Amino acid sequence: MKSLKSTIEQKPIIGWLLFLITILVVFLLGLLASSIMERRAEASFVNVPQVTLSEFEPRNELWGENFPREYQSYYQTADTNFRSKYNGNTMIDMLEEDPRLVVLWAGYGFSKDYNQGRGHYYAIEDIQKTLRTGAPKNANEGPMPSTCWTCKSPDVPRLMEEHGVAEFYKGKWARLGAEVVNTIGCADCHDPKTMNLRITRPALVEAFEKMGKDVNKASHQEMRTLVCAQCHVEYYFNKETVEGAQYLTFPWAKGLTVEDAEAYYDEMGFSDWTHALSKAPMLKAQHPGYELFQQGIHAERGVSCADCHMPYKSEGGQKFTDHHIQSPLNNVANSCQVCHREETATLIKNVFDRQDKTIKNRDKLEELLVRAHLEAQKAWELGANEAEMEAILMGIRHAQWRWDYAAASHGGSFHAPLETSRIISTGITIVQETRIKLARLLAAKGFDEELPYPDISTKAKAQAFIGLDMEKENAEKADFLENVIPVWLEAAQQREDSWDVVRN
């Protein structure tokens, strides 16, 4: 076998080829090394902390100095220009869109005011402005407990750490008006030292414990959903857990389905309010987004909330999670099309098709529920007693619980369209069976006519129908916003100005 030297002497061109190949390899290796060094230098620069963050630092702008890309993308949640076929991030008066809701919530705060939720940027502003929180003049007034602040701000874990969880849940909402001022942000989900995802709301930890699970054993992918599940869930305020506290609790002890939560509430005899017309002991679904999501195909495939609502993006050679939390319909390329290869128009049509079919049945259930409340009211007027009404009122309660569970789930008709449709269909069945009982009772009382459907074609007409004085409500709220909120904000600014900021 000839040596390489002999081969090159006989065929010099081989030597030149080897020389050029060597030069090319060295050149490419140099580029690779340069790229690696450049990326390391970028990473080193990007990740140099500018501020030392305390354990529960609530001010998002300070986190933004250390993580500018995430911070800048997060503040895009201030954008309110996107409106899809159903909702979006614009300010939509849902009672004006669907005045039947006023009657369904008669006697409850939602009949006064219910707006489509905007981005996290507006969490504090929106809870201050809603009529549901009233117009308290001092720390001991108002219709809502301090627990209502729980999901609105990174000031909450700070206060829970300072005063204790149960203590936080005590007293009125206005008591913490000057303390809870920073909107939903970084400290709600991240450890300031490691930036790992963490749970900062004890209700989720406690709910897992009651199901025999340890939330601390969740994987990183699971945590990308669980940090959302701290708030986007069904919950209630338990007054029996700690004396004097309205303790935030998730009704998961029996499971995560609508029937599981219903059985939980029925067993303990819990109700959110008594309906002003029918006198039924009602349940108000909050926003069981996590529970319904768990019943859908995306959860079954291991997809997290963040995969669709906070997809990864690249900027300046850096890959990071887009904290512009929004509807995937406004970001189809980075959310849906990462997995689905269909055209944008096709994917959006798929979503709307599911929503159209679900909402059509949901609207029918609303109409039937309005009729059931009015028929129950008529039965009381004709002298029905509690024994005669017991099964009827429970039927109204169960039917409206299913409607509200589907309506309040924020995306349930897409997250779990089959389950959402099943819930609504069972609600229709229950309310119709209840109305049959009502018809028999009304006939026994001498009334065999059809009750006329009220003129509730606008929010104003519906609110007048159930007896609300909205002029008074709005005037009191305007005074509160003008004279109370500025005092809260001034006190909060003075407190935060006194905090030390350690810059590196």
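The values are calculated or read from the model by the stated rules, or taken from the named source; none is laboratory data. Because the structure is predicted, anything quoted here is derived from the model rather than measured. Positions of Cβ are generated from backbone atoms using ideal geometry, with glycine treated the same way; all protein chains shown enter the neighbour counts. What goes into the accessible areas is simple: the full protein's heavy atoms, side chains included, and nothing from ligands, DNA or RNA. Shrake-Rupley method; radii C 1.70, N 1.55, O 1.52, S 1.80 Å.
Accessible area of Thr183, 1.4 Å probe, to the nearest 10 Å²?
The accessible area comes out at roughly 20 Å².
With an 8 Å cut-off on Cα pairs and a minimum separation of 6 or more residues, tell me the relative contact order of the chain in percent. Could the numbers behind the result be given before it?
On the way: 704 pairs, mean separation 88.0, N = 504.
Relative CO of the chain lands at 17 percent.
Suppose every Lys and Arg Cβ carries +1 and every Asp and Glu Cβ carries -1, with no other charges. What dipole size does the stretch 378-457 come out with about its Cα centre, to the nearest 20 debye? Intermediate values should be presented prior to the final figure.
Details: 8 positive and 11 negative charges, 51 e Å.
I would put it at about 240 debye.
State the percentage of accessible surface on the chain attributable to carbon and sulfur atoms; use a 1.4 Å probe and exclude ligands, DNA and RNA. Working shown, then result.
Working: 13850 of 25550 Å².
Its accessible area is 54 percent carbon and sulfur atoms.
222 nm [θ] for the chain, helices only, -39500 (n - 2.57) per DSSP H run of 4+, per residue, to 500? Don't skip to the end; give the middle numbers.
Values: 22 runs with 255 residues, N = 504.
That comes out to -15500 deg cm²/dmol.
Over the stretch 90-227, how many percent of alpha carbon pairs lie in each 10 Å bin up to the one with the longest distance?
11, 33, 34, 20, 3
Once fully extended, how much extra length lies between Thr321 and Trp380, figured as 0.36 nm per residue of separation less the alpha-carbon to alpha-carbon distance?
15.6 nm
Considering only Cα-Cα distances, which of the following residue pairs are longer than 23 Å: Lys254/Lys284; Lys112/Lys239; Lys210/Lys239; Lys170/Lys284?
Numbers: Lys254/Lys284 18 Å; Lys112/Lys239 25 Å; Lys210/Lys239 18 Å; Lys170/Lys284 21 Å.
Too far apart for the 23 Å limit: Lys112/Lys239.
Farthest toward the dipole's positive end in the chain, which of Leu101, Asn182, Asn87, given Cβ charges of +1 (Lys, Arg) and -1 (Asp, Glu) about the Cα centre?
Asn87
To one decimal place, what Kirkwood hydrodynamic radius in Å is obtained for the stretch 426-496 from all pairs of distinct Cα atoms?
Values: mean 1/r = 0.0587 Å⁻¹.
Every distinct Cα pair counted, the radius reaches 17.0 Å.
Once you sort the root eigenvalues of the Cα gyration tensor of the stretch 199-258 as a ≥ b ≥ c, which label holds: rounded (a/c under 1.5), prolate (a/b larger than b/c) or oblate (the other case)?
Cα axes put the stretch 199-258 in the prolate bin.
Indicate the gyration tensor shape class of the stretch 162-272 (rounded, prolate or oblate), computed on the Cα atoms with a ≥ b ≥ c the square roots of the eigenvalues: a/c under 1.5 is rounded; otherwise a/b larger than b/c is prolate and the rest oblate.
Numbers: a/c = 2.09, a/b = 1.11, b/c = 1.88.
Oblate is the answer for the stretch 162-272, as a/c is 1.5 or above yet b/c matches or exceeds a/b.
Using the eigenvalues of the Cα gyration tensor, what equivalent ellipsoid semi-axes result for the stretch 360-504 when each is taken as the square root of five times the eigenvalue, whole Å, largest first? Spell out each step's value before the answer.
Working: eigenvalues 380, 113, 41 Å².
Each semi-axis is √(5λ); the values are 44, 24, 14 Å.
By residue number, which cysteines of the chain lack any other Cys whose Cβ falls under 4.7 Å from their Cβ?
So, Cys148, Cys186, Cys189, Cys308, Cys336, Cys339.
Taking only Cα atoms, what is the 0 to 90° angle, nearest 10, from helix 258-268's long axis to the longest principal axis of the chain?
50
With a Förster radius of 41 Å, plug the Cβ-Cβ distance of Gln337 and Lys445 into 1/(1 + (r/R0)^6) and report the FRET value to the nearest 0.05.
On the way: r = 60 Å, r/R0 = 1.47.
The calculated FRET efficiency here is 0.10.
Would you mind computing, in nm to one decimal, how far apart the modelled labels at Asn504 and Thr346 are, each placed 7 Å from Cα along Cα→Cβ?
Each label point is offset 7 Å from its Cα along the Cβ direction, giving 4.7 nm.
Quick one: what are the phi-derived ³J(HN,Hα) couplings along the stretch 142-152, Karplus 6.51/-1.76/1.60 with θ = phi - 60°, whole Hz, x for glycine and proline?
x, x, 10, x, 4, 4, 5, 7, 3, 9, 9
Of the listed peptides 142-151, 312-321, 206-215, 359-368, what is their order by residue-averaged count of other C-beta atoms within 10 Å, with the highest listed first? Walk me through the numbers on the way to the answer.
Values: 142-151: 21.0, 312-321: 11.8, 206-215: 14.3, 359-368: 17.4.
In decreasing order of mean packing, 142-151, 312-321, 206-215, 359-368 become 142-151, 359-368, 206-215, 312-321.
At 1.4 Å probe size, with every protein chain present, just tell me what the per residue accessible area of the stretch 275-405 comes to in Å².
That works out to 44 Å² for each residue.
Which shape class, rounded, prolate or oblate, goes with the chain when its Cα gyration tensor gives a ≥ b ≥ c as root eigenvalues, a/c under 1.5 marks rounded, and past that a/b bigger than b/c marks prolate?
Working: a/c = 2.61, a/b = 1.78, b/c = 1.46.
Prolate, since a/c reaches 1.5 and a/b exceeds b/c.
Round to the nearest 10 and give me the degree value, 0 to 90, for the angle of helix 12-46's Cα axis relative to the longest principal axis of the chain.
So the helix axis and the longest Cα principal axis differ by about 40 degrees.
About the Cα centre of the chain, how large is the charge dipole given +1 on each Lys and Arg Cβ and -1 on each Asp and Glu Cβ? Please answer in debye to the nearest 20.
Values: 56 positive and 71 negative charges, 358 e Å.
It comes to approximately 1720 debye.
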